[in-house]
Every structure is written in C-alpha cells, then in structure tokens.
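Report on one structure; see the data block that follows.
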2 protein chains.
Amino acid sequence: MKVSEVESGEISKGASSSSSPSKRRMKRGLAIMDFILRIFAATSTLGSAVSMGTAKQTMPFATRFVRFKVVYHDLPTFVFFVTANSIVCGYLVLSLALSFFHIVRTISVKSRILLVFLDTVMFGLLTSGASAAAAIVNIAHYGNSSANWFPFCQQYNYFCGRISGSLIGSFIAVVVFIILILMSEISISKH
Amino acid sequence: MKVSEVESGEISKGASSSSSPSKRRMKRGLAIMDFILRIFAATSTLGSAVSMGTAKQTMPFATRFVRFKVVYHDLPTFVFFVTANSIVCGYLVLSLALSFFHIVRTISVKSRILLVFLDTVMFGLLTSGASAAAAIVNIAHYGNSSANWFPFCQQYNYFCGRISGSLIGSFIAVVVFIILILMSEISISKH
C-alpha cells in the first residue's frame with residue numbers, strides 16, 4: 001500500500017515537470033495575455049483616478065441656493081472611489097513582476113494561487129468603489145424626490161460629465177479582472 | 001517526438017485518476033466546507049433581501065416638509081440591492097447541486113472552473129449591490145451639506161435601522177465568496 005502511494009506520487013511529479021509542450025505553450029500564451037491585460041487595466045484605473053481626482057468646477061455667478069464651487073472630495077464616496085482606483089492601479093503595476101515571472105516559469109502553481117487570490121480581493125475593492133460612486137452619480141444626475149435630494153448636475157454640468165466619465169475606466173477594469181481570474185483558473189487547472 | 005508526447009500524456013492521465021488518498025481526502029474536505037459555506041451565504045443574502053424588501057415606515061404625523069411614508073423602492077439603488085441579493089441567493093441554492101457533485105466526484109476539474117467563474121461573477125454582482133446601497137445609506141444617515149442633501153434618517157429612524165442592518169448579511173456573504181473562491185483555487189491546483 002505504502003509503496004504504491006510513493007510510486008503514484010512520483011509518477012504525478014514526473015508528469016507535471018515534463019508536461020507536454022502544447023500545454024506549456026498554452027500556459028505561456030495565457031501568461032502573456034495576463035501581462036498585457038494587467039497593463040491595460042492599470043491604465044484604465046489610473047485614468048479613472050486622475051479624472052475623478054481632478055474634477056472640480058467653480059460657478060461664475062452666485063445665488064442664495066447655488067454653491068460657488070464643487071470638488072470631488074465634497075462627497076466621501078468619491079474619495080473612496082479615487083482611493084480604491086489608486087490602490088488597484090498600484091497593485092496591478094506591482095503584480096506585473098509576478099505576471100512576468102509566470103511567462104518565464106510556466107509550471108509554478110503556488111504563486112498563481114497567491115496572484116488569483118489577490119486579484120479577487122482587488123476585484124472586490126474596485127467593484128465596491130465603482131458601484132458606490134455610480135450610485136452617487138445617479139442621484140447627482142436625477143436626484144430623488146422621495147428623499148428631497150436635489151440633482152446638482154443641473155448646475156454643475158462640467159463636473160458631472162467628469163465624474164460620470166471617470167466611472168467608465170473603472171468598470172472596464174472590473175471586466176478585465178473577471179477575464180484575468182478566469183484565465184488564472186484555466187492556467188492552474190493545466191498544472 | 002510524437003510518441004513521447006502521447007506517453008507523457010498517458011502518464012499524467014494515469015497519475016491524476018489514481019491521485020493519492022490524502023489528496024483526495026483533502027479535496028473532499030474542501031468540497032464539504034464549500035457546501036456548508038454556500039448554505040450559510042445563501043441564508044445571509046436571503047436575510048438581507050427580505051430585511052430590505054420589507055423595510056417601510058409610516059409617520060404618525062404630517063408637516064409641510066416631512067413625507068408620510070417611506071418604502072425601500074423609493075430609492076432605485078435599494079431595488080438593485082434587493083434584486084442582486086435575490087439573484088445571488090437563487091444562484092447559491094442552485095450551485096449546491098454542483099457543490100454536492102464535487103463531494104462525490106473529487107476529480108472533476110471542468111465543473112470546478114465553471115463554478116469558480118460563476119462565483120466570481122456573482123461575487124461582483126453582490127459587492128456592487130452592497131456597496132451602492134452602503135453609499136446611499138451613508139447619505140441617508142449623514143446627508144451631504146455640499147450637495148444640499150438632507151439626512152432623512154433624522155425622521156425615519158426605524159426605516160434607517162432596517163436598511164442599515166440589511167447590509168450586514170450582504171457583506172458577510174461577500175467575505176464568504178472570497179473564501180469560496182480561494183478554496184476552489186486550491187482544489188483545482190490539487191488536480
């Protein structure tokens with residue numbers, strides 16, 4: 001019994017280290033696509049963070065009800081959005097090192113599990129920031145009559161355009177993360 | 001060249017189908033924990049959906065500024081929250097079948113990849129719903145002086161307690177999803 005265990009363990013070890021060239025080619029292809037997608041997602045989140053972080057508008061006139069100036073940090077949700085996008089962008093840039101390591105060494109599995117776990121956490125953080133900001137942007141555009149919340153986009157057109165646009169990059173990165181996680185799964189299963 | 005490819009493929013196939021008992025035991029253990037965590041997450045999301053879906057409050061008095069009644073569907077974000085939680089709850093109940101299949105058949109890999117992909121998508125949907133609702137609940141509690149948004153929780157205490165409480169179940173399920181995805185990764189890597 002014990003002998004057969006050792007044997008089967010040895011066979012499986014041998015099989016994994018000498019995996020077929022087509023499998024290795026496929027894993028390398030996935031690793032290269034992973035690397036490219038990470039750069040793309042990092043650019044998207046950077047664009048979102050910068051676009052939201054620099055959004056402000058000063059009104060040329062003043063009445064009793066309209067404020068003079070609006071900046072993104074007037075709304076705490078937008079601060080969270082910028083923070084989340086910045087963290088995810090930083091993570092993506094750092095993860096390029098590990099992604100490059102996977103192009104060179106196709107058989108490593110533990111580092112892939114670590115990467116896909118961190119990807120999942122960052123995916124959650126980014127989705128969270130983007131959705132929370134989208135909920136606030138929705139109220140900024142349409143207001144809510146039940147809660148007596150006034151849509152401030154009627155005055156701050158330019159500011160609203162900027163904050164709405166900044167959501168796009170974030171949601172693109174969310175989709176990229178889903179693809180990245182799926183690709184990692186496939187790569188791990190070919191172990 | 002071709003012969004060696006076929007041979008190595010056969011060896012790896014043989015190794016995977018007769019994987020060591022300890023590996024199989026570990027995979028079965030992970031599958032059982034997966035099953036239990038899914039039931040737990042389904043209960044959490046169901047609780048969240050019901051708690052938010054039945055939240056309403058009628059005021060015993062009326063002034064010129066205070067509305068008489070508030071229900072969750074006055075705010076579109078809360079409708080999204082209830083929908084997202086209901087979908088995820090339904091998915092979790094359906095996925096129990098596949099999870100049970102993994103307890104019985106520990107070696108299947110393709111169904112695990114399908115499951116972890118669907119898990120990731122549902123994780124995104126749930127995080128999105130919970131974060132959007134949290135952003136609105138934050139404004140309901142504290143308002144926003146820059147945007148002239150009034151915190152309606154000052155009048156609707158009971159309603160606000162219900163909607164704040166309903167977020168808890170959702171965020172618990174979010175954490176459970178991260179654990180589920182990590183466990184699936186480990187299980188796939190032991191293939």
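The values are calculated or read from the model by the stated rules, or taken from the named source; none is laboratory data. Because the structure is a prediction, the values reported are computed rather than measured. Every residue, glycine as well, gets a Cβ built from its backbone with ideal geometry; the counts of neighbours run over all protein chains shown. Heads up: the accessible areas ignore ligands, DNA and RNA and are worked out on the full protein's heavy atoms, side chains in. Shrake-Rupley method; radii C 1.70, N 1.55, O 1.52, S 1.80 Å.
A few points about this structure:
- GNM remark for chain A: springs join alpha carbons under 10 Å apart, and the peak mean-square fluctuation among A:47, A:129, A:143 falls on A:143.
- For residue A:162, net neighbour charge (Lys/Arg +1, Asp/Glu -1) across residues whose Cβ lies under 15 Å away: +1
- Per residue of chain A, the DSSP helices (runs of n ≥ 4 H) give a summed -39500 (n - 2.57) that works out to -27000 deg cm²/dmol at 222 nm.
- Potential lengthening of the chain between residue A:168 and residue A:103 amounts to 20.4 nm, from the contour at 0.36 nm per residue minus the alpha-carbon distance.
- Euclidean distance between Cα centres, region B:118-191 to region A:135-152, Å: 20 Å
- Helices that extend 20 Å or more along their long axis by alpha-carbon positions and average at least 0.5 on the Kyte-Doolittle scale are, among the DSSP H runs of chain A, A:76-104, A:110-142, A:157-189.
- For region B:34-141, the set of trypsin sites (Lys or Arg not before Pro) satisfying both a DSSP loop assignment and a count of at most 14 other C-beta atoms within 10 Å is given as B:64, B:105.
- Note on residue B:142 and residue A:94: the model spin-label points, each 7 Å out from Cα along the C-beta direction, lie 2.7 nm apart.
- Heavy atoms of residue B:83 accessible to a 1.4 Å probe, total area in Å² rounded to 10: 60 Å²
- Top of B:35, B:81, B:100 by mean-square fluctuation, Gaussian network on chain B, Cα under 10 Å: B:100
- Inter-copy label distances at residue B:93, shortest first and taken from points set 7 Å along Cα to Cβ: 4.7 nm.
- Other protein chain C-beta atoms within 10 Å of residue C-beta, averaged over A:139-149: 6.
- Shown are B:168, B:103, A:181, whose ranking by accessible area with a 1.4 Å probe and every protein chain present, most to least, is B:168, B:103, A:181.
- At a probe radius of 1.4 angstrom, the accessible area of the protein assembly as shown per residue rounds to 48 square angstrom.
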